[in-house]
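The values are calculated or read from the model by the stated rules, or taken from the named source; none is laboratory data. No experiment lies behind these values; they were computed from the predicted model shown. Cβ placement follows ideal geometry from the backbone for every residue including glycine, while neighbour counts extend to all protein chains displayed. Each accessible area value is taken on the protein alone, full model and side chains, heavy atoms only, with ligands, DNA and RNA left out. Shrake-Rupley method; radii C 1.70, N 1.55, O 1.52, S 1.80 Å.
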Amino acid sequence: MNDSTLGSAGTSRLSVFDPPMCCSTGVCGPDVDPALPRFAADLAWLVEQGVGVRRFNLAQEPLAFTDHAVVRGLLAEHGSEALPALLVDDRIVHRGSYPSRERLAELLGLPAPARRSLAVVGESCGCGPEGCC
C-alpha cells in the first residue's frame with residue numbers, strides 16, 4: 001500500500017483502488033500508460049493540499065479489495081472494468097478511469113488548481129539557431 005497520510009483532522013481521505021499493475025503506481029516497465037504519471041503527480045498535489053491518500057494495487061494487495069465491502073460489491077457488480085475506483089471517506093466518487101486534477105479537486109471540495117503550463121523548449125537550456133543542448 002502506498003500511504004500518504006499528511007491530511008489534517010477533518011480532511012477527507014482519498015483511497016484509490018487500482019487495477020493490477022507491475023508496481024504500486026504503474027509507472028514502471030517499457031510501456032507506461034501516459035495517464036499514470038499524470039495521476040501520480042495529481043495525487044502528490046493532493047497530499048500537498050492536505051488530503052490523506054491511500055493507494056492499493058490489485059496485483060500486489062488483493063486482500064485490500066476483498067476486505068473492503070464497498071470495493072468488493074463494486075467488483076461483484078461491475079467487474080474489473082470498474083477499476084480504478086476512487087473512494088472519498090469510503091464512498092465511491094469515481095470509477096473506471098483516472099480523473100483529471102481539476103476533477104479530483106472537485107471531488108474533494110478543494111479550490112480549482114492553478115493551470116499548469118509547460119516550459120517552452122529552448123527557453124531555459126540555451127538553445128539557439130544551431131540546435132538545442
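Structure summary
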quantity	calculated
Listed residues Asp18, Asp67 arranged by accessible area, highest first, probe 1.4 Å	Asp67, Asp18
Distance between modelled label sites at Ala112 and Glu48, nm, 7 Å Cα→Cβ extension	1.9 nm
Cα-projected label distance for Ala59 with Glu77, points at 7 Å along beta-carbon direction, nm	2.8 nm
With eigenvalues of the C-alpha gyration tensor scaled by 5 and rooted, region 67-116, Å	25, 12, 6
Förster-model FRET efficiency, 30 Å R0, Arg38 and Asp89, C-beta, rounded to 0.05	0.80
